[in-house]
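Okay, so here's the structure we're looking at.
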Amino acid sequence: MTRTPRRRTAAAALCLAAAVAVGGCGAIPRSGPVHRHAEPTRTAAEPTYDVDPAGPQEGAEPEQIVRGFLAAGTGVGDDYSVAREYLTPELAATWHPDARTIVHRGDPSLVPRLEENEYRMSLEVESVVDGTGVIERKPAGATEVLDFDVVQVDGQWRISDAPDATVLTRTDFEEIFEPHQLYFTDTDLTNVVTDPRWFPDRVPVSTSIVRALLGGPAPYLRGAVSTAFPAGTTLAGSAVPVQNGTATVELSVPDFDPANIETNRRMHDQLMLSLRSLTAVNDVELLVGGAPVELGAGWTDTAPVQDVTVPSRQIGLRDGELVFYQGGQTDGVDGLPPLDGHRPSSPAMDAAAEHFAFVDSGTGSLVTVSRDTEPVERFSGTGLTRPSFDEHGWVWTADSAGAVRAVRPGARDGEPVRVEAPWLAARTATSLRISRGGTRALVVTQDDGVSQVWLSGVVRGPDGTPRRLNEPYRVAADVEADVALWLSDREFVTAPLRGPESVRPRLYDVSGRHRELPGLEGLTALSGGNGTSSVYAVAGGALHMLTGNAWAPQSDEVRDTAFAG
């Protein structure tokens, strides 16, 4: 579905998609324009692996006990009961294995400390998952130390002090953990936003999902999204049981108002979207205080929830002028004045194809231009990224010094806004793209020749003015990438842009999983529309489109194309 810039309504309201199983549909916003999102991918609720770690052997030495305990971290069943056998009874009762999951590279080093029966393990860390399922990917060279104390209990060595954590290899982690999407809304309740979390693939993962959902969005999304659950909402029981396809969620909600049907629906639907990725869940029963929550008469599901999409038409450059490109054809932009005196590069446009922007490669300036208006130089900077339009009517760019600015292209005298992003100050941004729902920035940085890919929540003022990019979530560490482009609100594509070499772009989801796309020699530009069927690249001076497992030549007259956004 193609969207135009939305009109603000005083009573914007959203009821999140409530039924997205096989044959099901999802509720959409009850007022304002229609903004759709894709159905969540359904995953298995039952474990797909067989893990049975060994318990402590009689007469095992202290070092063997520590190593056996760490190896038992793969046994997630029965609340890590095998790993707890390596601990003293006191520690076994208080140890919290889910507090942190450390994924390591290479072989850990375990050495005795100066104090007798104390050991230190040093690891090179690839990633860390916290107790809410948020993953933090680490750059190469990141390390961590874990300390252990061992004492004798009834003649057998047991661990009396250990960190609240488990340690896994990448292979074990990928086998045991699965990403699950939590669902929130943007702050004006017109779009749903996914928040990926990683949990052990065990029963009941439904409990982990609901607890994390009640805990609110990941840190990088705070202030950029909202939730229907009032602060202090908790599970009334110890678990979220699933029977005959129905997940029963009983909550304790402070100051609960059963007559607030809108909030009740939003809570129910947020749970529905977040839980219905599990194959065992087809419905959600929401209880508060032991009683079913009232959803109101006449409440029904409407259309299937689909992706927010962009138009199929691209903006590009032909002989120094902006032109439209679609399906092998190019055409000028009606009403657009000549760009005499400018050297346009990295063009961009809004969804309505009324406002355009480019970087003037001669002056290093961001230039905006609209139909029947003259180009306006907005500001200058070194190494400006390709402009990115958001649905609130702002166009963004970042420079190599880490400064992020946004300006309204339709206001000729509008002053650019400096967007707070202190985390970018020591990094060089090579790409910045605002998500189609306007809640997240997808950023590529280069540090000492190594690229990192980040997601950061966009915090705005009441009128939609950009204010801040939150401390980010590193979705990919130490990769080869100069540019990253959204293909949906859950997927993006990255690629390095470098000379004649053959490069393989990568397709990512927001949880960080990826696969490589076919290679292409001499790739100098990349554009992405709606999914992998609309990925384009400029290579060898010609425009190519990703077609299956190959790149099909499309045009040799239009260069540097970009979809809206």
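Here, each number is a calculation from the coordinates, and none is a lab measurement. A quick note: this is a predicted structure, and the numbers were derived from the prediction, not measured. Cβ coordinates were reconstructed from backbone atoms using ideal geometry, including for glycine residues, and neighbour counts include every protein chain displayed.
Mind checking the dipole of region 119-266: about its Cα centre, +1 per Lys or Arg Cβ, -1 per Asp or Glu Cβ, Debye to the nearest 20? Dipole about the Cα centre, nearest 20: 240 debye. Taken about its Cα centre, region 62-175 carries a charge dipole of roughly 280 debye when the Cβ of each Lys and Arg holds +1 and the Cβ of each Asp and Glu holds -1. Per residue, the chain reaches -3000 deg cm²/dmol at 222 nm when only DSSP H runs of four or more residues are counted, each adding -39500 (n - 2.57). With all pairs of different C-alpha atoms in the average, the Kirkwood value for the hydrodynamic radius of region 410-493 is 13.6 Å.
Here the ratio of the Cα radius of gyration of region 62-175 to 2.2 N^0.38 Å is 1.03.
Taken along its three principal axes, the alpha carbon spread of region 314-563 comes to 47, 41, 29 Å, from the longest extent down to the shortest.
Placing +1 on each Lys and Arg Cβ and -1 on each Asp and Glu Cβ, with no other charges, gives the chain a dipole about its Cα centre of roughly 1900 debye. Dipole of the chain (Lys/Arg Cβ +1, Asp/Glu Cβ -1, origin at the Cα centre): which of T363, A218, L287 lies farthest to the positive side? Farthest along the dipole direction, towards plus: T363.
For region 54-97, the list of GluC sites (Glu not before Pro) that fall in a loop by DSSP and count at most 13 other C-beta atoms within 10 angstrom reads E58. Ordering A142, P108, P89 by Cα displacement along the dipole of region 62-175 toward the positive end leaves A142 in first place; charges were set at the Cβ atoms of Lys, Arg (+1) and Asp, Glu (-1). Is the shape of region 476-541 best called rounded, prolate or oblate, per the rule: a/c under 1.5 gives rounded, else a/b larger than b/c gives prolate, else oblate, with a ≥ b ≥ c the square roots of the Cα gyration tensor eigenvalues? Note, shape of region 476-541 comes out oblate. Applying the Karplus relation 6.51 cos²θ - 1.76 cosθ + 1.60 with θ = phi - 60° to region 384-400 yields 3J(HN,Hα) values of 4, 6, 3, x, 10, 8, 10, 6, 8, x, 10, 10, 10, 7, 10, 10, 5 Hz, where x marks Gly and Pro. Among 445-458, 322-335, the peptide with the highest mean count of other Cβ atoms within 10 Å heads the list, and the full ranking is 445-458, 322-335.
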